[in-house]
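Let me begin by presenting the structure, written as structure tokens, before commenting on it.
The values are calculated or read from the model by the stated rules, or taken from the named source; none is laboratory data. Here the structure is a predicted model, which is why all the values come from computation and not from measurement. Cβ: placed from backbone, ideal geometry, glycine included. Neighbour counts: every protein chain shown. Protein only, heavy atoms only, side chains kept; ligands, DNA and RNA dropped before computing areas. Shrake-Rupley method; radii C 1.70, N 1.55, O 1.52, S 1.80 Å.
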Amino acid sequence: MPSRSDRRVNDLRIGVLVSGRGSNLQAILDAIDRGELPAQVAVVLSNHAEVPAIDRARRHGVPAIVLERCAFRSRLEHQLAMARSLSEHRVQLVVLAGFDRVLESAFLKQFEGRVINVHPSLLPAFGGGLQAQIDAFDYGVKVSGCTVHYVTDEIDGGPIILQRAVPVREDDTGESLAARILVEEHKALPEAIRLIAAGRLSIEGRRVRVL
Ligand code: GRF
């Protein structure tokens, strides 16, 4: 059994992009702490200052860097600065955990096939919005859930790694449904990272196969 420090050398180095609450970041950090995820969060980048996600990272001794859009001349320059920071931290996988901006092609090219996102609906239903849980509830669906997928130029349209379904209850509100979906996100995202760390995913067109 390798010691913790031995494991660290081989751990998948992930960079997590956040914008706010950071509960998915927390789920990743907790899974690592429990020894369930052979990964380490090499850096957390936030595009907003003073959000809870930054405190969560720092409490775990993870470097957290704020790069606000307004500090750069263009969206492209902002994202290229993020890409530089991720490369400086030798990040192998970029995880979007509640990041509220669309990524530029120039950013994605630098991390091709190495960017994943968690979305709070069963894609392709209710992609593209910022409140997919509420949109699904208002639409009247009977089952919703969450999706972890690769990020491509098509918004919320990259190959699907895994999904977890959440039935809608008669007494649900949009908020209660969103809360139950979030519980599933917290399982799905670490699980997807675990599969990637283990080299168990192969992308064949739109299909992601678990080996
Ligand atoms: C999650 O519902 C995620 O699916 C969506 O944004 C929310 C982020 O929550 N993309 P948190 O910041 O991880 O708590």
Discussion item. Just the residues that are surrounded by 18 or more Cβ atoms within 10 Å (Cβ to Cβ) and assigned to a loop (DSSP other than H, G, I, E, B), please, taken from the stretch 105-120.
Written reply: Phe111, Arg114, Pro120
Practice prompt. Within the stretch 167-182, work out how many residues are closer than 13 Å to Gln133 by Cα and either open to solvent by 80 Å² or more (accessible area, probe 1.4 Å) or within 12 Å of the ligand (Cβ to nearest atom) (or both).
Written response: 8
Response to the item:
Among Arg169, Arg180, the single one that is part of a helix (DSSP H, G or I) and either free of Cβ contacts under 8 Å to residues at least 24 places away in the same chain or at negative phi (or both) is Arg180
Worksheet item: Among all residue pairs at least 6 apart or on different chains, which show Cβ distances below 6 Å where the first residue, located in the stretch 81-108, is small (Gly, Ala, Ser) and the second is assigned to a loop (DSSP other than H, G, I, E, B)?
Response: Ala81/Leu67; Gly98/Ser19; Gly98/Gly20; Ser105/Asp153
Worksheet item: Is it the case that some residue within the stretch 142-161 is within 16 Å of the ligand (Cβ to nearest atom), under 23 Å from Ile65 (Cα atoms) and outside any helix (DSSP H, G or I)?
Response: yes
Worksheet entry | Which listed residue is within 17 Å of the chain's Cα centre (by Cα), at pLDDT 95 or above, more than 16 Å from the ligand (Cβ to nearest atom) and not polar (S, T, N, Q), from Ala57, Ala83 | Ala83
Worksheet entry | Single residue of the stretch 121-151 satisfying the filter (over 15 Å from the mean Cα position of the chain (by Cα) and hydroxyl-bearing (Ser, Thr, Tyr)) that is least open to solvent (accessible area, probe 1.4 Å) | Ser144
